[in-house]
Amino acid sequence: MGLTEGHQAKTVWENPAEIVRSLHPENPVMVFAPTVLQDRARAFLAGFPGLVTYAVKSNPDEAVIQNLVQAGIRGFDVASPFEIDLIGRLAPTAARHYHNPVRSRAEIAHAVGAGIKAWSVDSRTELDKLFEQVPPENCEISPRFKLPVLGAAYDFGSKFGATPELAADLLRAVNDRGYIASLTFHPGTQCTDPHAWEQYIRTAREIADMAGVHPRRLNVGGGFPSWRVHGVEPDLPAIFDLIGRTTAEAFGANAPELVCEPGRGLCADAFAIITRVKAVRDGTSVFLNDGVYGGMNELPVIGNLDRLEVLTPEGKLRGENSHGRVVFGPTCDSVDRLPGEISLPDNIQEGDYVVFHGAGAYSVVTNTRFNGFGELRQLTVMGFD
Ligand SMILES: *Cc1c(COP(=O)(O)O)cnc(C)c1O
């Protein structure tokens, strides 16, 4: 990547403040720091005691995939024919785990044709579909189980996951049919309590005992937290350690190989979103040029991103004293409001910029053009300071 001098031709900016100062962007800008992404990927590869795969759905941007491959990521969790083909093209030698447990027959046929060798399942009907269409040779099927959850900002268990008893039946059936039998779970996204993984891993052992089948691999899902709250940086090494220790304790010498499939934990902190203050309405509520139909789609479900800074159009930091404000997005829909209140500087003004850090997951990909907004540009930075 060439660092070109001169504003418009510039391809890599120093930081968000330089973009604000130089471009005064009128539309929201998603700012990507490839070095931050690669550093995070290397931290996962060095710290997680098993195979690290990336959950493509959290941010399928091609630059993200390419930087992850460059950092050494060799596996991907894919959920659709589109994601299967995307990774087939960008990382042709990487493993692809098709871990969306419900698929149409046409999707299964597409995946078989694309050479998919790892599947998850959470029901008898969907397992029978796999048995009909997927040849067992060198092919892994992982029953996905769930527990009443535990520690995450948002629980996927209401949609996916078998009870431990059903997971044991599925594991036995998979093994009997000659597939590689493994287990998988997802503790819920933005899971800040490491003990959620501990409970799931101990339950995996119970499922293996109920089934009388030794799982080849145990996939401990995504859910690894990103840094969303000012001053509270997640401790990923502590989570990795607990996962490794618990697996060794629960399974002993014959432990299954571990796999993880982080989405948010890999990509979120490599992005910030620069939004502009359209109005401070009568000195109270703040209107931004982006909101819940744009790059901040998941905030009503996950909670506010409070790791933010407010910059003047000259790129200078606004003052220290702040108070809670109601923050709205640009559309005419009253749903377009960030949850609760957000603490913003007392002297915030129309034309200022609010930079939300840690904004890379479930944002670029869920952005909409509702009401004619949502023109989300992406620029590259060296870093965020
Ligand atoms: C969404 C998803 C992930 C990634 O979850 P994060 O919370 O973003 O880490 C991993 N695995 C599966 C099966 C998923 O559906």
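The values are calculated or read from the model by the stated rules, or taken from the named source; none is laboratory data. None of these values were measured; they are calculated from a predicted model. All Cβ positions, glycine included, derive from the backbone under ideal geometry; neighbour counts span all protein chains shown. Surface areas here come from the heavy atoms of the whole protein model, side chains and all, with no ligands, DNA or RNA. Shrake-Rupley method; radii C 1.70, N 1.55, O 1.52, S 1.80 Å.
Structure notes:
- Heavy-atom accessible surface of the stretch 34-267: percent carbon and sulfur, 1.4 Å: 51 percent
- Restricted to Cα atoms, the chain shows a radius of gyration and a Dmax of 22.2, 69 angstrom.
- Helix runs (DSSP H) in the chain reaching 20 Å along axis by Cα, Kyte-Doolittle at least -1.0: 195-211, 236-251
- Whole-number percent relative contact order across the chain, with pairs defined as alpha carbons under 8 Å at least 6 apart: 22 percent
- Net charge in the neighbourhood of Leu183 (other residues with Cβ under 10 Å of its Cβ; Lys, Arg +1, Asp, Glu -1) is +4.
- Accessible surface, the chain, averaged per residue in Å² (probe 1.4 Å): 42 Å²
- Largest accessible area first, the residues Asp282, Asp346, Asp333 order themselves as Asp282, Asp346, Asp333 under a 1.4 Å probe with ligands, DNA and RNA left out.
- Among Ala253, Ala55, Ala162, residue whose mean-square fluctuation peaks in a GNM of the chain (springs only between Cα atoms under 10 Å): Ala253
- Per-residue accessible area (protein heavy atoms, 1.4 Å probe) orders Phe131, Phe76 as Phe131, Phe76, starting from the largest.
- Choice from Gly263, Gly222, Gly340 showing the highest fluctuation, given a GNM over the chain with Cα pairs closer than 10 Å: Gly340
- Choice from Arg325, Arg144, Arg228 showing the highest fluctuation, given a GNM over the chain with Cα pairs closer than 10 Å: Arg325
- Lys/Arg +1, Asp/Glu -1 at C-beta; the chain dipole; positive extreme among Gly222, Ala109, Gly72: Ala109
- Rolling a 1.4 Å probe over the protein chains gives Glu126 an accessible area of about 20 Å².
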